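The values are calculated or read from the model by the stated rules, or taken from the named source; none is laboratory data. This one's a predicted model, so the numbers in the text were calculated from it and none came from an experiment. FYI the Cβ positions are ideal-geometry reconstructions off the backbone, even for glycines, and counts take in every protein chain you see. For accessibility, only protein heavy atoms count, side chains too; no ligands or nucleic acids. Shrake-Rupley method; radii C 1.70, N 1.55, O 1.52, S 1.80 Å.
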Amino acid sequence: MVSLYGQTLTRRQVAERSGMLSQFAGVRLMTLGDGVERGIRMLEFRTGTGLRFTALVDRALDIADCEFQGKAIGWNSPAGFRHPGLHEYEGENGFAWARSFSGLLTTCGLDHILGPEEVPAEEYNYPGKKTVRHSLHGRIGGIPARLTGYGETWSGDDCVLWAEGIVQQSAVFAEDLHLIRRIEADVGGNEIRIRDRVVNHGFSRTPHMFFYHVNVSYPVLDKGARYVAPVRNVVWAAHAGNAYEAQKVGYRTMPAPQMNFREQVWQHEMAAAADGTVPVAIVNDRLGLGLEVVTRKDQLPCAYQWENFQAGQYALGIEPSTHHVLGDLASRERGEMIWLEHGEERAYDATLRVLSGAGEIADAEKRIASIARQPDTDFPLPSGNFIPLERHT
């Protein structure tokens, strides 16, 4: 049954009330036409509850805009939703990725995440390529998808909005990895479901790293907004040491935008619920609005928190990851790199759920606290305990 506007309706009753479902819900393909966005294909999803979001077909089917009942949730950076033809992955010593960084969801990978690094490339068996130089967070977010389908599917009296596509990160004498992505949202629902598979289409043993960069901004992110998560302990902080408390911004309670704020990044060790899921939320009690991100511990065992509270760039990142923040070379040295042989794949599931009203926020907090109670201080001492991940030899 579909819940809309205070009523629970069958498929027939929905049809009786509209000439087309698109009157209040659906998926629509369009092309952006101006500025740096010109030429990008975009899918607009509307669930009928006030949840509206867009998926950029030509940027890995990542989620761009997101709003709920007129209130923005996702981040629009100064870079805008830049056409992939303008992407400068190799530039600025590996940091030009930031010139295309924007939106609620940016996918990072598929063979590298985190900062620029030079790593061995002997797996590709090409004499002229001894190493690979990776830029920040990998290539996948700047690659267009091949759109394989989208639409609305009824199953009895339930209706799912969906889109599917394949993003190929491939080159001669290098990786040939395919991201197969499906996005779903229920008519009458308040959540976005992402189902990803990363498949090694090539015949070289290939490294694989992956994480979701989920970026929340104003008005959900505002002074007093709270980060709620089943944090067992804080493992690492980029600003640890003498500068740990210098900006007077901890991990739990968010400030207003700051002048000259320096990025802070944390890695937390999260506990999982009995079903293996890890829920993390940012909530705004004043608005009665929040976003909960749910992933699986067995798929994404590590978790980062990105704080970019610089005025004009104001954002908080929830970032579940396959690997520790130590990076590519360290994952190889620790035996934690994921190596995919031909035809092997990894699956990832993420749910982005809007929390609407004090009741839903309270329920989410109760669920999260029942898994693990996060440290009750803003500046827990980082443990430095990077728990060994499954070895991939």
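A few remarks follow.
- Single unsatisfied condition, P144 versus (1) out of contact with any strand residue (DSSP E or B) (no Cβ under 6 Å at 6 or more places or on another chain); (2) surrounded by 18 or more Cβ atoms within 10 Å (Cβ to Cβ); (3) over 18 Å from L43 (Cβ atoms); (4) not small (G, A, S): (3)
- Any hit, the stretch 74-93, residues being part of a strand (DSSP E or B) and touching a strand residue (DSSP E or B) at 6+ places or on another chain (Cβ under 8 Å): yes
- Residue in the stretch 276-292 that is assigned to a loop (DSSP other than H, G, I, E, B), more than 18 Å from D222 (Cβ to Cβ) and open to solvent by less than 10 Å² (accessible area, probe 1.4 Å) present: no
- Any hit, the stretch 243-255, residues being open to solvent by 20 Å² or more (accessible area, probe 1.4 Å), assigned to a loop (DSSP other than H, G, I, E, B) and at pLDDT below 95: yes
- Residue match in the stretch 363-384 (condition: polar (S, T, N, Q), open to solvent by 30 Å² or more (accessible area, probe 1.4 Å) and in a strand (DSSP E or B)): no
- Out of I113, I63, one residue alone is hydrophobic (A, V, I, L, M, F, W, C), part of a loop (DSSP other than H, G, I, E, B) and open to solvent by less than 10 Å² (accessible area, probe 1.4 Å). It is I113.
- Selection from the stretch 83-100 of residues that are open to solvent by less than 40 Å² (accessible area, probe 1.4 Å) and free of Cβ contacts under 8 Å to residues at least 60 places away in the same chain: Y89, G91, G94, A96, W97, S100
- Any chance A330 is under 25 Å from N200 (Cα atoms), assigned to a strand (DSSP E or B) and not charged (D, E, K, R): no
- Count - residues of the stretch 27-60 that are buried (at least 19 other Cβ atoms within 10 Å of the Cβ) and of a type in the set (G, A, S): 3
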